[in-house]
Amino acid sequence: MTSIAHRKRRRATGRLPVVLVLPAVLGLAFLLVPLVGLLVRAPWGTLPSRLFSASVGEALRLSLLCASLATVLCLVLGVPLAWLLARGDVPGRGVLRALVTVPLVLPPVVGGVALLFVLGRRGLVGQYLDAWFGVSLPFTTAGVVLAEAFVAMPFLVISVEGALRAADPRYEEAAATLGASRWLAFRRVTLPSILPGVVAGTVLCWARALGEFGATITFAGNFPGETTTMPLAVYLALETDPDAAIVLSVVLLLVSVGVLAALRDRWISGPS
Amino acid sequence: MRAWALAALLVVAGCGAAESGGAADTTGDGRVTVFAAASLTEVFTRLGEDFEAAHPGVEVVFNFGGSSALAQQIGQGAPADVFASASPATMAQVVDAGGTAAEPVAFARNRLEIAVPAGNPAGITGLADFADADAKIALCAGQVPCGAAAKRAFDAAGVTPRPDTLEQDVKAVLTKVRLGEVDAALVYRTDVRSAGGEVEGIGFPEADLAVNDYPIAPLAKAGNAAGARAFVEYVRSDRGQAVLAEAGFEAP
């Protein structure tokens, strides 16, 4: 960085305008104070014994498993979808892009109801799954994975598509002139160049899947060990044992922060 | 969804609290906020309309949900005037926390029934079928009154049920039956009736042991204490009892 640019930059940041700083601090407090409240209320004395209770471990294991499987599913389906939206010459791409983001704005409970109507035992597709293969998805761990993937996939698609659109297509073209097929160019040229975007999308997708509640409880129901993920366990515990709910929440918080921290180099910190 | 309703209630009641206090407290005018068990959804909605018709200027707002969730919300300071729960146990949570303004009184009684989708595709005949691993079964979670009643019924019948899902209120259970997603469930007789032709009810002998009394009480922190008392009285009046009986509830 040249010294002139450095000076200019210092001058531009020399005085922080109150009109921006005040709402920014309020915004920060708004996001962080509830989390602090959770930590203050946490029953630290009994925390270890609660933490290692079977039900917490079961819910945590199920949550991590389902969120990870849902993320894999989103990667397998979502990266190609993002590529299609960014590079494919499909008609009505704008409409498609809008449709892909619908689960983002849809209340998750509505998503769960929609999944029931399609994949439920009497659903459009589900009735054939049941009749032909004897497969019934509601109230199963597979149902949890599907519900989470439905809600989380748009996060991955949007992130990857943004990276693809920002990437320079000339590298792919150069690869093509050198005789690479589109698949080879995608694999060896495009994918490595958009990797940060894919990682960012994967993290967002995983975090969203981990916290999924509405679609899960609607589509997959609630049964310990089968479909009771951490968010469901938190909600249930709130009715019977608020302290347990706080412990579960703290665990979920720590897991989320841990994952975000582990990936911060790739994701949170921008170009410095 | 419930959280949204609660948030809306908080906002609404927060606005209302400032202006109530004086006039509303003495006349019973304004808004009466009733937290009621999910199984009361249809019958209380109707009672609320009747009450509004009988008391011009009064608006009854309901928050229906699992009794245990509602008790918890009241304990956390949710702005409710009346609590009608589906079991004395959930009401006791509020009473023990000093949340009620008067002794709760039982206003209705309800019994469980087996609910199956129309046509009974899985050929369910009794409680013993709930132990079948192949049958899809929905039950209320244990902390909800209908779940506690179901446990009494199964204990009495000596059956260990194998549920596929434990739902948070009886209406969520009923929905799973309506959609045909489960083969059988235990719900209240009144729920089977409210579902019309979509759901068939099957009685069982142990139902006599799985009867729930429904208590109602005005709440200590009611913003509209007079309205709360008036609504409780209305539910217990002959008119209110007739509506409850029509919906399939028994007299306490």
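Values in this text are rule-based calculations from the coordinates and carry no lab data. None of these values were measured; they are calculated from a predicted model. Using ideal geometry, Cβ is built from the backbone for each residue, glycine included, and neighbour counts are taken over all protein chains shown.
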Prolate/oblate/rounded label for region B:42-121 (Cα gyration tensor, a/c 1.5) = oblate
inquiry  = Cut-off 10 angstrom, C-alpha nodes, Gaussian network model of chain A. Which of A:P34, A:P169, A:P242 fluctuates the most?
reply    = A:P34
query = Taking the DSSP beta bridges in region B:110-211 as the whole, what percent of them are antiparallel, to the nearest 5?
reply = 65
ask   = If one computes the Cα centroid of region A:166-205 and of region B:187-210, what distance in Å separates the two points?
value = 59
ask   = Size of the dipole of region B:110-211 about the Cα centre, Lys and Arg at +1 and Asp and Glu at -1 on the beta carbon, nothing else charged, in debye to 20?
value = 260
Cα-derived Rg to Rh of chain B, Kirkwood definition = 1.00
message = Please give the Cα centre distance for region B:58-82 versus region B:133-153, rounded to the nearest Å.
response = 23
key: Selection from B:G197, B:Q143, B:P163, by position along the positive dipole direction of region B:127-252 (Cβ)   = B:Q143
ask   = How large is ³J(HN,Hα) for each residue in region A:228-245, as worked out from phi by the Karplus curve 6.51 cos²θ - 1.76 cosθ + 1.60 (θ = phi - 60°), to whole Hz, x for Gly and Pro?
value = 7, 7, 3, x, 5, 4, 4, 5, 5, 5, 4, 7, 10, 8, x, 4, 5, 4
key: Most fluctuating residue given options B:A86, B:A141, B:A133, as computed from a GNM of chain B linking Cα atoms under 10 Å   = B:A133
task = Answer rounded, prolate or oblate for region A:12-132, using the Cα gyration tensor with square roots of eigenvalues a ≥ b ≥ c: rounded when a/c is under 1.5, else prolate when a/b is larger than b/c, else oblate.
result = oblate
request  = Kindly work out what percent of the DSSP beta bridges joining two residues of the protein assembly as shown are antiparallel, to the nearest 5.
outcome  = 55
note = Env charge @ A:R182, Cβ radius under 15 Å, K,R +1 / D,E -1, value +1
request  = Using only alpha carbon pairs under 8 Å that are at least six residues apart, calculate the relative contact order of chain B and give it in whole percent.
outcome  = 30
request  = Would you mind working out the magnitude of the charge dipole of the protein assembly as shown relative to its Cα centre, with +1 at each Lys and Arg C-beta and -1 at each Asp and Glu C-beta, to the nearest 20 Debye?
outcome  = 3160
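For a test of the definition: using alpha carbon positions, the gyration tensor, and the 1.5 limit on a/c, classify chain A as rounded, prolate or oblate.
Oblate is the answer for chain A, as a/c is 1.5 or above yet b/c matches or exceeds a/b.
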ask   = If you take the charge dipole of the protein assembly as shown about its Cα centre, with +1 on Lys and Arg Cβ and -1 on Asp and Glu Cβ, which of A:V79, B:A133, A:V144 is farthest toward its positive end?
value = A:V79
request  = Quick one: compute the contact order of region B:110-211, relative version, from alpha carbon pairs under 8 angstrom and 6+ residues apart, as a percent.
outcome  = 47
query = Pick from A:G27, A:G143, A:G179: which residue has the top mean-square fluctuation in a GNM of chain A where Cα pairs under 10 Å get a spring?
reply = A:G27
